[in-house]
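Let me begin by presenting the structure, written as structure tokens, before commenting on it.
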Amino acid sequence: QVHVVESGGGLVQPGGSLRLSCAASGIRFSDTAMAWYRQAPGKERELVASITYSGSTNYRDSVKGRFTISRDNAKKTIYLQMDSLKPEDTAVYYCKVFLAMRDYWGQGTQVTVSS
């Protein structure tokens with residue numbers, strides 16, 4: 001059974017930092033691509049960053065240079081380091097696991113950037 005659990009969200013001031021974590025179990029983690037998405041109120045869910053099984057990464061333009069996605073295969077966890085946060089980064093952040101038969105989502109973690 002696959003479980004995907006995000007953590008690390010919270011309230012932060014503009015310019016601040018947060019690190020999100022996503023732990024996945026029930027999968028061959030080291031062989032699996034994963035990604036972070038986010039959804040702001042009234043908007044569609046959008047891809048923020050992705051990482052392949054080999055560690056190649058991809059980012060949406062608006063977060064390039066500010067966010068860093070990484071993975072720790074020993075801990076079966078991926079991370080999203082978010083620096084220089086802006087109010088427009090406010091959203092629920094979701095972790096996605098890409099598997100051959102289907103994809104799995106976590107429950108999401110709220111990130112609020114506000115003064």
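Some notes on this structure:
- Computed with the Debye formula from one identical point scatterer per Cα of the chain, without solvent, the log10 of I(q)/I(0) at q = 0.11, 0.13, 0.17 Å⁻¹ comes to -0.32, -0.44, -0.76.
- Size descriptors for the stretch 1-40: radius of gyration and Dmax over Cα atoms are 13.1, 39 Å.
- In the context of the full protein assembly, R71 retains an accessible surface of approximately 50 Å², using a probe radius of 1.4 Å and ignoring ligands and nucleic acids.
- Cα convex hull of the stretch 62-115 - mean projected area over all directions, nm²: 4.9 nm²
The values are calculated or read from the model by the stated rules, or taken from the named source; none is laboratory data. Predicted model only: the values in this text are computed from it and were never measured. Heads up: the accessible areas ignore ligands, DNA and RNA and are worked out on the full protein's heavy atoms, side chains in. Shrake-Rupley method; radii C 1.70, N 1.55, O 1.52, S 1.80 Å.
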